[in-house]
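To start, the structure itself, in structure tokens.
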């Protein structure tokens, strides 16, 4: 396995004593000695043309790890040939999808794996500058990355004339300000340009007119980490993991009601059941509970249920189950969880995080939030449940970005599978669940 | 009135050297302001606008969009509790209520001693360690009532030491 993450995740468990970063951050030296660090970049710069790099990434079958799953090599190939314009690489480290925390560990523990990936990507698309856009709340990640970048400049693996070639690259960290929408790539570019994170209308796509209207590649942290690993090894090695259509490994985040919540690297295609129940992974449902539902790819991925537990967790599997692989953040809920309440909780999130540009999302998600509040408080009627479904239909596909649509996936999937639960709230005029899990 | 950005010139110019436009320095400069003052008052908009080459309205537009910028003064310690699903499934909301009860405040209110402000935030991206909160810039994880008490104690002690040192 490629060790995109280190276990155990002790940084996060540091608790009352504060963070104990030192000793858990991989230094440049350790990365070089123990993990073939920067040999991928060296190989690329000394023996390959930019087009060869793009072709190798295409051949490896790496797909966007942030959620969309777009083939990375194809994305890179959209960058036009070098002309007068500056080219940019932007790293999307605005990890804000509820349930997702895998990029955090790469940023905090393996910063050089990311920097090597950035440099390889920059060479492939002939970019001179890269920005790592890290969500503002990741204070430690920001500090670690800044320090690692400094270290990388000193070692000459970024900066002027890397490895004595005529390729030069500047890398900078840009902290966000707390906005989920900035994970949407064009909103992220707006934030980088010093404005509100409003998603842009496409076309033009970032590859043609991205940051400062220049050709720009926006990639997720794990995608670039995979690119580094690919060139430290080779295409055959990379494809020896995962499936034909979804090669490689993925860092899965398990949270909610499981025995061992955490991040686990596994091959793409691993069954959902294994991730939740196997002792090597989350080790089953907490307190011997029974599985009811989970979001397989962050809260934006529609819920899947017991009948879907054998779904292979690759790009195709969850789609068969009416969901998506998304950020592979698996939020597990047991039988005691009220799905009306869970939907209400998430609608609060989406309502708060909607940027407000498009009416269907701004008003529609807010409306769903209000209805779910009433339903949960026992003040809604049965027709309100049908109204929820109708709002879902009307938001879908009617706004600039996918945020509104993400919100509908959760509600629609829950109502379709457990309609009676929602109607019961209206009939009984109260929430029929005990909700022990709310207690501290 | 003294300029808020005074003394930060070197840091600001270093930031600006990273970008082709000064406008990109908007978020980083606002961060400098918040680190210095603890919040971003309206009175600083004109200065920031001048610094990044924007209008005051544009600065306000940005400050009001990004939730991490505090638009009102807060306590010495902001306790930002995650309320999103993964935390809420394991007692996160109960922890929020526990804090409010212990500190006898409402959300976004500051304790009379000026030490604590409790705020709700969305998913902080460390869900395996739920329930959790950010205490200023430190993530406090796997919280229990005992741990919360320890954290409050530690903050109080730290503040007291700082006061003595100042005197």
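Computed from the coordinates by the stated procedures, all read-outs in this text should not be read as laboratory data. Quantities reported herein were computed from a predicted structural model and do not represent experimental measurements. Cβ: placed from backbone, ideal geometry, glycine included. Neighbour counts: every protein chain shown.
Below, the figures for the structure above:
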{"quantity": "Cβ-derived FRET efficiency at R0 56 Å, residue B:150 paired with residue A:306, nearest 0.05", "calculated": "0.90"}
{"quantity": "Degrees between helix B:26-37 axis and first principal axis of chain B (Cα, 0 to 90, nearest 10)", "calculated": "60 degrees"}
{"quantity": "Listed residues A:232, A:357, A:126, most fluctuating in chain A (Gaussian network, C-alpha, under 10 Å)", "calculated": "A:357"}
{"quantity": "Helix A:50-60 vs. chain A, principal-axis angle (Cα, 0 to 90°, nearest 10)", "calculated": "40 degrees"}
{"quantity": "Gyration tensor over alpha-carbon atoms, region A:339-438, equivalent ellipsoid semi-axes in Å", "calculated": "23, 13, 11"}
{"quantity": "Distribution of pairwise C-alpha distances over the protein assembly as shown, 20 Å bins, in %", "calculated": "20, 55, 24, 1"}
{"quantity": "Computed [θ] at 222 nm, deg cm²/dmol, chain B (DSSP H ≥ 4; -39,500 (n - 2.57); rounded to nearest 500)", "calculated": "-13500 deg cm²/dmol"}
{"quantity": "Inter-label distance for residue A:234 and residue A:77, nm, one decimal - labels placed 7 Å from Cα along Cα-to-Cβ", "calculated": "2.1 nm"}
{"quantity": "Rounded to 10°, Cα long-axis angle of helix A:221-232 versus longest principal axis of chain A", "calculated": "40 degrees"}
{"quantity": "Equivalent ellipsoid dimensions for chain B as semi-axes, Å, which come from the Cα gyration tensor, largest first", "calculated": "32, 20, 14"}
{"quantity": "All Cα pairs of region A:332-385, percent lying beyond 17 Å", "calculated": "41 percent"}
{"quantity": "Computed label-point distance, nm, for sites residue B:163 and residue B:71 using a 7 Å Cα→Cβ extension", "calculated": "3.2 nm"}
{"quantity": "Peptide-level mean, for B:126-138, of C-beta atoms on other protein chains within 10 Å", "calculated": "6"}
{"quantity": "Rg(Cα)/(2.2 N^0.38 Å) for region A:59-193, N = residue count", "calculated": "1.04"}
{"quantity": "Antiparallel content of DSSP bridges confined to the protein assembly as shown, in %, to 5", "calculated": "45 percent"}
{"quantity": "Calculated FRET value between residue A:336 and residue A:382, using beta carbons and R₀ = 30 Å, to 0.05", "calculated": "0.80"}
{"quantity": "Full-stretch length increase - residue A:46, residue A:394 - with 0.36 nm per residue and alpha-carbon distance subtracted", "calculated": "119.9 nm"}
{"quantity": "Region A:249-334: equivalent-ellipsoid semi-axes (sqrt of 5 x gyration tensor eigenvalues, Cα, Å)", "calculated": "17, 14, 11"}
{"quantity": "Percent breakdown of C-alpha pair distances by 5 Å bin, ordered from the shortest bin, for region B:77-166", "calculated": "3, 15, 26, 26, 17, 8, 4, 2, 0"}
{"quantity": "Residue B:100/residue A:153 FRET efficiency (R0 51 Å; Cβ-Cβ; nearest 0.05)", "calculated": "0.65"}
